1. Is it true that some residue in the range 42-49 is part of a helix (DSSP H, G or I) and modelled with pLDDT under 85?
2. What number of residues within the range 51-90 satisfy the criterion of being open to solvent by less than 50 Å² (accessible area, probe 1.4 Å) and aromatic (Phe, Trp, Tyr)?
3. So Ser35 clears everything in (1) under 11 Å from the mean Cα position of the chain (by Cα); (2) at pLDDT 80 or above except one condition, right? Which one?
4. Out of Arg130, Arg54, I need the residue that is among the charged types (D, E, K, R) and at pLDDT 85 or above. Which one?
Amino acid sequence: MNQAVSLEKGAEAPRRTGLPGRRARLALAAVPLLSLGVLGLVPSLVLALRRGARGDWLAALLFTAVSVGWCFQIALTPVETSGVPYLLDVLLLATSTLGAAVHCLAVKDAKGADAAKDATDATDATEAGR
C-alpha cells in the first residue's frame, strides 16, 4: 500500500525509531559544547523523542535536572566563590557539557532494532511490489 493512501485513510505517518546517523549525532553532540552546557539537555531529549525508550527518557530527565541545577547554582552562588560551591559548579558544568556530548556519541542502538528495521524494510518492499 502506498504511504499516501494509508495517510488518507487516517493512519499516522511512520515514525523513525532508530538512532540518528553519525553526522546527526555529531551535530547533536556539538550543541552542549557550543552552548557551554546551557543546552545540555537537547541531545538526550532528541534521542528520547526519536526512540522513546525508558532509558532515553531517564537520561533526558537527568540532563534536564543537571541543567536546571546548574542554572540555580549560577544564580545563587556569588561571583567570588571557592571550595564546595565552586566544585559543585564545575561538576554541574562538566556533566551538562561533556556528559551530554559523550552520552549522545556513546549511546547504542537497541538489540532488536536491526531485526525490526529489517522486518520493516521487508514489509515496505512487499507492499511496493503490489
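The values are calculated or read from the model by the stated rules, or taken from the named source; none is laboratory data. Since the model is a prediction, treat every value here as computed from it, not as a measurement. We work out accessible area using only protein heavy atoms, side chains counted, and drop any ligands, DNA or RNA first. Shrake-Rupley method; radii C 1.70, N 1.55, O 1.52, S 1.80 Å.
1. No, there is no match, as no residue in the range 42-49 is part of a helix (DSSP H, G or I) and modelled with pLDDT under 85.
2. Result for the range 51-90: 2.
3. Failing condition for Ser35: (1).
4. Among Arg130, Arg54, only Arg54 is among the charged types (D, E, K, R) and at pLDDT 85 or above.
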